[in-house]
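S.K.: This is the structure I want to talk about, given as structure tokens.
The values are calculated or read from the model by the stated rules, or taken from the named source; none is laboratory data. What you are looking at is a predicted structure, and each value in this text was computed from that prediction instead of being measured. Note: ideal-geometry Cβ built from the backbone for every residue, glycine included; neighbour counts use all protein chains shown.
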Amino acid sequence: MEVEREVLLDAPPEEVWEALTDPAQLEEWFANDVEFDVERGGVFRWDDGDVRHAVVEEADPDRRLAIRWWDPAGGEESEVVFTLVAVPEGTRLVVTETASCDWSWGLQAYAGRQRLLCAL
Amino acid sequence: MREDSVFSALSDPSRRRLLESLADRESASLTELAGQLPVTRQAVSKHLALLGQAGLVAATRVGRETRYTLTPEPLGEAIVWMERLGAAWDERLARLRDHLARDGQAGTVVRA
């Protein structure tokens, strides 16, 4: 299962890349408390108690950032990919978040159903 | 046997694609949906009828047009997850746009 969003940003890819990878900037827009290193990954914390641990799977500066992240309490794991494309207006940023299908769908998780839902 | 009809509705890639399209918007017409799939309008119409029988899609007449909306209840958690996630990214990307906006001029959301 995948969610995709796209946004046109009024800044060149290098600036967007910085905003995606610099912990101080990430704290401005992404999470309340960020420990992040583009080589290794890190931890994102939100004031509502939400926490995500992340590892970096691919970092191609100014072009593509892929992280895998999960909730250490709940185990939900997904992959987030940021793709940056330079356009005359600045940067077209596409974000996809894809859930891995190995976590429980709770009440719905009976034979066959999980597979079908994951195919969505 | 609504459960079975949900499974068989989901078993076809075109129907899953239709559900994805509907999940991205409030409602869509047959023409809009047919434009997104490499199949005929008639085929899309049949798929929508099947999805309707499974309780996954509702058809509403608006003037001369029929609008289709996702009625995700049979999909339960999976769709709730997608909606929650999509809303979270909408918020984050709006904040990123504001963060990066130069001279107080914000960018444009292309697809929400």
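S.K.: Which residues, counting only those in the range B:79-109, are closer than 20 Å to B:S27 by Cβ and either at pLDDT below 70 or facing another protein chain (nearest Cβ under 7 Å) (or both)?
M.R.: Residues satisfying the conditions are B:I79, B:V80, B:M82, B:G86, B:D90, B:V109.
S.K.: If you check A:E28 against the conditions, is it over 20 Å from A:A86 (Cα atoms), surrounded by 14 or more Cβ atoms within 10 Å (Cβ to Cβ) and within 10 Å of another protein chain (Cβ to nearest Cβ)?
M.R.: Criteria met by A:E28.
S.K.: Taking the residues in the range B:17-31 that are out of contact with any strand residue (DSSP E or B) (no Cβ under 6 Å at 6 or more places or on another chain) and surrounded by fewer than 16 Cβ atoms within 10 Å (Cβ to Cβ) as candidates, determine which candidate is farthest from the other protein chains (Cβ to nearest Cβ).
M.R.: My answer is B:T31.
S.K.: Answer yes or no as to whether B:R25 is assigned to a helix (DSSP H, G or I) and either hydroxyl-bearing (S, T, Y) or at pLDDT below 85 (or both).
M.R.: When the stated conditions are applied, B:R25 does not pass them.
S.K.: Test each condition in (1) in contact with a strand residue (DSSP E or B) (Cβ under 9 Å, 6 or more places away or on another chain); (2) within 14 Å of chain B (Cβ to nearest Cβ); (3) at pLDDT below 95 for A:G74 and report the one that comes out false.
M.R.: Against the list (1) in contact with a strand residue (DSSP E or B) (Cβ under 9 Å, 6 or more places away or on another chain); (2) within 14 Å of chain B (Cβ to nearest Cβ); (3) at pLDDT below 95, A:G74 comes up short only on (1).
Okay, residues lined up against (1) crowded, with 16+ Cβ neighbours inside 10 Å; (2) more than 12 Å from chain B (Cβ to nearest Cβ):
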position: A:L8; (1), (2): yes, no
position: A:P13; (1), (2): yes, no
position: A:D22; (1), (2): no, no
position: A:G42; (1), (2): yes, yes
position: A:G49; (1), (2): no, yes
position: A:R52; (1), (2): yes, no
position: A:E57; (1), (2): no, yes
position: A:D60; (1), (2): no, yes
position: A:A66; (1), (2): yes, yes
